[in-house]
Amino acid sequence: MSTTKRGWTLSATALLALAMTGCSPAPAPGGGTGEAATTITELDYYADAQGSEAWQKILDACSRQTGVKIERQAIPAAQMLPKVLQGASSKTLPHLLFTDNPTLQQVAATGALTPLTDYGIATDGYYDSIVKAGTYQDKVYGLAPGVNGLALMYNKDLLTAAGVQPPTTWEELKVAATKLSGNGKYGLAFSALPSEEGTWQFLPFFWSNGADLAHLDSAKSVEALKYVTELVNAGAASKSVVNWSQNDVADQFVAGNAAMMVNGSWNLARLDAETSLKYGVVPIPVPQKGGKPTVALGGEVGAIPATGGPTQQAAGKVLACVLAEPTMLEWSKAHAYVPSKVDVAKKFGEQNPPMKAFVEEVETARSRTAELGEKYPKVSAALAAAIQSSLTGQQPAEQALAQAQQASGS
Amino acid sequence: MKAGKTLVGVLVVAVLLFPLYWMVNASFQPSGALLKPSPDWFPVAGTLDGYRKALGTQGGHLLSSVLIALGTVVVSLIIAAPASYALAQLKVRGATSIVFALLIVQMIPGIVMANSLYTVFGNLGLIDSYLGLVLADSTATIPFAVLLLRAFMVSVPRELSEASRVDGAGHWRTFFSIILPISRNALVTAGLFSFLFAWADFLFAVTLTTGQSFQPITVGIYRFVGNQSADWNGVMATAVLASVPAAVLLVIAQRFVVAGLTSGAVKD
Amino acid sequence: MTLTAGRVSPGRRRTGYAGFAFLAPVLLYVVVFFGYPLVANLVMSAQDYTVRSFYTGQAPFVGLANYAAVLANPLFTTAVLNTVLFTVGSIVFQFGIGLALAVFFSGRFLGSATLRSLLLLPWLLPLVVSGAVWRWMFDQDHGVLNALLRLVGAPVPWLTSTTWALPAVIITNIWIGVPFNLVVLHGGLRAIPATLYEAAELDGAGAWQRFRHITWPLLRPVTGIVLMLGLVYTIKVFDVIMVVTGGGPANSTQTLTTWSYALSFRDFAFGQGAAVGNLLILVATGFGLLYLRSLRSTLAEAAS
C-alpha cells in the first residue's frame, strides 16, 4: 500500500510546484482597496548603465514629489512587447509603462491602455508629431518627456585630414564618404539590421526624398534605397552594415574605422567620454540642396495600462511629474534627448550646441506610426527585409520594394 | 611511423580546436585591439578587462544557469529513475510503447514546444520563473535519462531484485537499496548530460524569459553579441566562462561523457 | 495514458500497481509537457493569434488560413530549401570527417586516446558559445578567417552576403557535429574483431580494400543510426543559426525552425508560427519513424 502512495507523492509534488509558482509572482494590481495606493510598478527598457542611472534619478525625483513609491523594472528593448503582452495575458501589467512609439501603438491596439485625459494630462505646447506618436484612434495614450532622432556625426580630424567638409546633400555625402574610404576604413557607417533598427535608420533617407510608408514601391522610395545601396556597393560603407546594430556603428566610429556615422543623440555621452575623439554633428544630408531632412521620431512615451483601482491615478500623478518642464529639461540634459515641448526644446538647443542639429530636426520629424498606426510594425519589417535584400545584392531595389509592398499589404 | 601518426593527430586536433584558442585569445585582448585590420595572434598585450566586464555584466547570469542546470538534474533524475526501473525490471504492460513514445517525443522540435509553452506559461505566471525553465528544459533531458537508465538497468540481473523481494523488501526498498546503488554510474552520466543540456539551453531560455528578473548565460551571450559586438573581448571572456563546465566535465568525467554519448546510438 | 492504469486488472500481480506507481511521474510529465503542447500547437495553428489575443484572451478560429498564408509566403520556399541544404550539408561533412577521424584514431599510437577526447570539446560546449566564436571568426573586416584569406587572395563576405551566409552556418554546424560522429563511429570500429583485419592482411588486402570490404559493411548498423540521429537533430537546429546570422542577411539563412521563431516571437503571429512548427514536426517525425524502424527489432527484444 505504502508503495503506491509514494508514487503519488512524487507526481503530486510536481503538480504542487506548478501550482505554487502559478500564483506567486504577480504583484496584486490595485493594491489595497479603499485608501489611496502608494506603490506602483514601472516598466522601461533603459537597460544600459548610463541610461538606467539617468532614468532612475528622474523616477526618484518624481517619487519624492508625488509621494508615490515606484518599483522599477528595466528589460532589454526587444523584450518590451513580449513582456507587456505576457503581462496582459496574466493580468500583471505594470502601472506605468515607458516604451517606444511603435510598441505603444501595438499595446494601445490590444485595448490595454487608458487615455491620458483620464488623468488631466494635456497636450498643449508639445510638438505636433510627438502628440501624434502617442495617439491611437484619436485618443492620446502616451506622451514623451523627451525625444531623439538621427543625425550625421563626423570625425573632425579625419575630415580635416582629407580636406572634406561635413556634407549636407546626398551628392556631397557620397563624394565625402567615398573619399574617406580605403585601407579597410569606411567613410560612412549606419545600421541596416533586418529589424526596426534598420528601418529606423533608413527612414530619414526615405522620407526626406518624399516617399511614404503606404507606398513602399514608389519611385521616390526606390530612389532612396538605390542611393543607400550605391554607398555600400561603392565601398563608401562596409558590407557589414547589414549586421551592425547602432551600437556597433558607434563602436566603428569610436575605433576610427568609420569617418562618419548615422546615429542618435543618445550616443553623445559616449563620444564625449572618448577624450581623443573630436566629433561634430550635422543634420542628415538631404536629396537636394536647401531641403530639410525628415527623420523619424524616437524616444520613449509614458503610458498608463488599465490595471484598475487607485494605483492608476497614482501612476497618472507620476507621469504628470515626468512630463513637467523641469523634469523634461533634466532628462534631456542627462540623456541627450530633445525636450518634447517646443519652447523648452528651443531654449535647450541654445544651451547645448551639440544638440542643435537634433533640435532643428525635431521640427520636421515624423512619428513612425502617424500614417499607419498599429500596422506600422508589419510594414517596417517588410521594408527592413527589402533594405537587406537590396544591400546584399540579392534583389534590385525595385524588385525588393515591390515584394515588400506586397508583403505589407497582405 | 607511429610518431608520424602522433604528429598528424596533434595537427588535426590543433586545427579543429583552433576556434577555442581563438576564443581564449580574444578574451585576453583589450577591446580596441580586436577592431584592428590584422589580428594579434597571441594575447601579448593581455588584459583581464574582458573578464572584468564578463563577470560584472554576466556573473549573475552564470549563477542563474547553475541553478537552472542543477534544478533540471534533480527533476530529471527524480522522474526518470523510477520509470527506468519499472521499464527495465518490472513486468509492465505497454513498456515497449512507452519506450517508443519517449523516443518519438525526442524528435519534436523545441520551437514547437516553446511556441505553446510560451502561451501556457504566460497564463500560469511561469514566464521568468526558474521552475518554469527547469520544467521546460526537462523536456529534453527526461526522455534521454529514462532511455539511458533503462538501458543500464536492463543489464542488472533480475534475480538480484527478485531475491531482495523474496526477502520481504517492497518494490521501493528494492529500488532504493539495490537498484539505485548499482546504477550509480548510469545515474551520474544521466545527471551530467542533464546538467550540460540545461546549461547550454538557449531556445527555452530566450523564449520563456524576458530578462527582467534573471537571464540564463546563453541568453546573456546572445544579447551581448547582439548589442555590442565590438566588445568582443567581453563576449569571448563570457564564452570562456560559459565553457568551463563542459571543460571540467571532460577532464574529470570523461568516461561518463563517452558512455552517455554512445548510449543513444550504440546498441545496449 | 489512463489505458495503462485501466489494464491493471485485479487479477494481476502486485507488480502491475507498483509498475504504474513508478511510471506515473514520467507519464504525467509526458502528457503535460509533450502531449499538451502538441495539441495546443495544433489548435493555435488554426487561430488568428495576435497581439490582441494576449489581452482579450480571444483568438478567432480561422481554419487553414495560417497554413495558406505560410505556404503563399515567398519565405516558405527559401526556408524549406535552406533547411534541406543545411541538414544535408551538415550531415554529409560531419559524417565524412567524423568517419575519417574515427578510422585514423582507431590506430593505436602515442596519445591517440588523449587527442581523441580533446576533440570532444566542441560538442560539449553550449551551442551559443560555439556560434559566438564562429561569428567573430567570420567577421568581414576583423575576423581571423578573412585575415588568413587576405594573405592568399580575396576575403570572403561570410556573413554579409546572401550566398556565403548559409555555407558559414553549415561550417559552424559541421565543426560542432564532427566529435559526435567521431566518437560513435569509433565505438563501432572498436567492435569489429581485429582478427578479420589480420586475416585480410595475410590475404594481401590493402588498406582501402580492408576498409571497403570489412570496415564499411560491418559498420553499417552504427552508420545508419548515426546518420538518422544526425538528421533528426540537424533539422531542428536553432541556436547556431540564431547566434551566427539570426536568419539573415536578407533571410538567406532562415530555416523552418528560425522562421517559426521569427513568426511567433518577432512578428507575434503565433498562429503562423505554430503552422510552420507543425510542418516541421511532420518532416522530423517522418525521419524519426525511419530511425525507429531501424531500432525496432533491437528494442522489442530488450523491452520484453
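Quick one: is B:I98 of a type outside the set (D, E, K, R), free of Cβ contacts under 8 Å to residues at least 60 places away in the same chain and within 30 Å of B:P157 (Cβ to Cβ)? Against the criterion (of a type outside the set (D, E, K, R), free of Cβ contacts under 8 Å to residues at least 60 places away in the same chain and within 30 Å of B:P157 (Cβ to Cβ)), B:I98 qualifies.
Screening the candidates C:I176, C:I225 for the property of being within 23 Å of C:V243 (Cα to Cα), in the same structural domain as C:I97 (by TED's automatic domain parsing), part of a helix (DSSP H, G or I) and touching a residue at least 60 places away in the same chain (Cβ under 8 Å) yields one hit, C:I176. Condition (residue is surrounded by fewer than 15 Cβ atoms within 10 Å (Cβ to Cβ), on the phi < 0 side of the Ramachandran plot and in contact with a helix residue (DSSP H, G or I) (Cβ under 7 Å, 6 or more places away or on another chain)) applied to the range B:159-167: is it met by at least one residue? Looking for residues that are surrounded by fewer than 15 Cβ atoms within 10 Å (Cβ to Cβ), on the phi < 0 side of the Ramachandran plot and in contact with a helix residue (DSSP H, G or I) (Cβ under 7 Å, 6 or more places away or on another chain), one finds at least one in the range B:159-167, hence yes. Kindly indicate the residue of the range A:103-145 that is within 14 Å of another protein chain (Cβ to nearest Cβ) and farther than 15 Å from A:S367 by Cβ and also nearest to the chain's Cα centre (by Cα) among those meeting that condition. Restricting to residues being within 14 Å of another protein chain (Cβ to nearest Cβ) and farther than 15 Å from A:S367 by Cβ, the top hit is A:V107. Within the range C:99-114, the residues that satisfy the criterion of being aliphatic (A, V, I, L, M) and either modelled with pLDDT under 90 or within 26 Å of B:V225 (Cβ to Cβ) (or both) are C:L110, C:A113. Among the candidates C:Y17, C:Y29, C:Y55, the residue that is over 19 Å from B:I127 (Cα atoms), within 8 Å of chain A (Cβ to nearest Cβ), of a type in the set (F, W, Y) and part of a helix (DSSP H, G or I) is uniquely C:Y17.
Taking the range A:69-107, which residues are in a strand (DSSP E or B) and without any contact (Cβ under 8 Å) to a residue 40 or more places away in the chain? Break it down stepwise before answering.
Kept after step one, since they are in a strand (DSSP E or B), are these residues of the range A:69-107: A:69-74, A:96-100.
The answer is A:K69, A:R72, A:Q73, A:A74.
Of all residues in the range A:77-98, those satisfying the criterion of being more than 12 Å from chain C (Cβ to nearest Cβ) and crowded, with 24+ Cβ neighbours inside 10 Å are A:P94, A:H95, A:L96, A:L97, A:F98. Taken together, B:V134, B:V120 contain a single residue that is surrounded by fewer than 20 Cβ atoms within 10 Å (Cβ to Cβ), modelled with pLDDT of 85 or more and either more than 11 Å from chain C (Cβ to nearest Cβ) or at negative phi (or both), which is B:V120. Out of curiosity, is C:S90 within 7 Å of another protein chain (Cβ to nearest Cβ), in a helix (DSSP H, G or I), hydroxyl-bearing (S, T, Y) and over 26 Å from B:K36 (Cα atoms)? No; evaluated as a whole, the condition is false for this residue.
Hey, among B:L34, B:L7, B:L55, which residue is outside any loop (DSSP other than H, G, I, E, B), over 28 Å from the mean Cα position of the chain (by Cα) and under 23 Å from B:V225 (Cα atoms)? Can you show your working first?
Numbers: B:L7 fails: under 23 Å from B:V225 (Cα atoms); B:L55 fails: over 28 Å from the mean Cα position of the chain (by Cα).
Exactly one of B:L34, B:L7, B:L55 is outside any loop (DSSP other than H, G, I, E, B), over 28 Å from the mean Cα position of the chain (by Cα) and under 23 Å from B:V225 (Cα atoms), namely B:L34.
Can you pull out the strands (runs of 3 or more DSSP E) entirely within the range A:185-304 that have at least 1 residues that are aromatic (F, W, Y) and out of contact with any helix residue (DSSP H, G or I) (no Cβ under 7 Å at 6 or more places or on another chain)? First the steps, then the outcome.
Values: elements: A:186-189, A:258-264, A:279-282.
Once the strands (runs of 3 or more DSSP E) in the range A:185-304 are filtered for at least 1 residues that are aromatic (F, W, Y) and out of contact with any helix residue (DSSP H, G or I) (no Cβ under 7 Å at 6 or more places or on another chain), what remains is A:186-189.
Of B:A253, B:A242, B:A205, B:A247, all but one fail to be surrounded by 21 or more Cβ atoms within 10 Å (Cβ to Cβ) and away from chain A (no Cβ under 14 Å); the exception is B:A242.
Filter the range C:58-73 down to residues that are more than 14 Å from chain B (Cβ to nearest Cβ) and either without any contact (Cβ under 8 Å) to a residue 40 or more places away in the chain or assigned to a helix (DSSP H, G or I) (or both), then give me how many there are. Before the answer, list the steps.
If we filter the range C:58-73 for residues that are more than 14 Å from chain B (Cβ to nearest Cβ), which is where we start, we get C:60-65, C:67-69, C:71-73.
Filter once more, keeping what is either without any contact (Cβ under 8 Å) to a residue 40 or more places away in the chain or assigned to a helix (DSSP H, G or I) (or both): C:60-61, C:63-65, C:67-69, C:71-73.
Counting residues in the range C:58-73 that are more than 14 Å from chain B (Cβ to nearest Cβ) and either without any contact (Cβ under 8 Å) to a residue 40 or more places away in the chain or assigned to a helix (DSSP H, G or I) (or both) gives 11.
Taking the residues in the range A:381-403 that are away from chain C (no Cβ under 11 Å) and surrounded by 24 or more Cβ atoms within 10 Å (Cβ to Cβ) as candidates, determine which candidate is nearest to the chain's Cα centre (by Cα).
Residues of the range A:381-403 that are away from chain C (no Cβ under 11 Å), as a first pass: A:383, A:396-399, A:401-402.
So of that shortlist, the ones also surrounded by 24 or more Cβ atoms within 10 Å (Cβ to Cβ) come out as A:383, A:401.
Values: A:L383: 17, A:L401: 24 Å.
For the range A:381-403, the residue satisfying everything is A:L383.
What tally of residues in the range C:227-254 results from selecting those that are of a type in the set (V, I, T) and out of contact with any Gly (no Cβ under 8 Å at 6 or more places or on another chain)? So that I can check it myself, show each step before the final result.
Taking the range C:227-254 and keeping what is of a type in the set (V, I, T), we get C:232, C:234-235, C:237, C:240-241, C:243-245, C:253.
With the extra rule that they be out of contact with any Gly (no Cβ under 8 Å at 6 or more places or on another chain), the set shrinks to C:235, C:237, C:245.
Qualifying residue count for the region: 3.
The residue that is farthest from C:F22 (Cα to Cα), counting only those in the range B:169-198 that are within 13 Å of chain C (Cβ to nearest Cβ) and outside any helix (DSSP H, G or I), is B:A169. Of all residues in the range B:226-239, those satisfying the criterion of being at pLDDT 80 or above and either within 14 Å of chain A (Cβ to nearest Cβ) or not in a helix (DSSP H, G or I) (or both) are B:W232, B:N233, B:G234, B:V235. For B:I98, the criteria (1) at the interface with chain C (Cβ under 8 Å from one of its Cβ atoms); (2) within 30 Å of C:N146 (Cβ to Cβ); (3) of a type in the set (A, V, I, L, M) hold in every case but one, which is (2).
Would you check if B:D49 is within 12 Å of chain C (Cβ to nearest Cβ) and buried (at least 16 other Cβ atoms within 10 Å of the Cβ)? Criteria not met by B:D49. The number of residues in the range A:106-135 being touching an Asp or Glu at 6+ places or on another chain (Cβ under 7 Å) and either more than 19 Å from C:G57 (Cα to Cα) or surrounded by fewer than 20 Cβ atoms within 10 Å (Cβ to Cβ) (or both) comes to 2. Within the range C:230-250, one or more residues are over 22 Å from C:I174 (Cβ atoms) and crowded, with 23+ Cβ neighbours inside 10 Å. When C:G57, C:G96 are checked against the criterion of being modelled with pLDDT of 90 or more and surrounded by fewer than 19 Cβ atoms within 10 Å (Cβ to Cβ), C:G96 stands alone in meeting it.
The values are calculated or read from the model by the stated rules, or taken from the named source; none is laboratory data. In this text, all values refer to a predicted model and were calculated from it rather than measured experimentally. Virtual Cβ from ideal backbone geometry, glycine too; neighbours counted across all protein chains shown.
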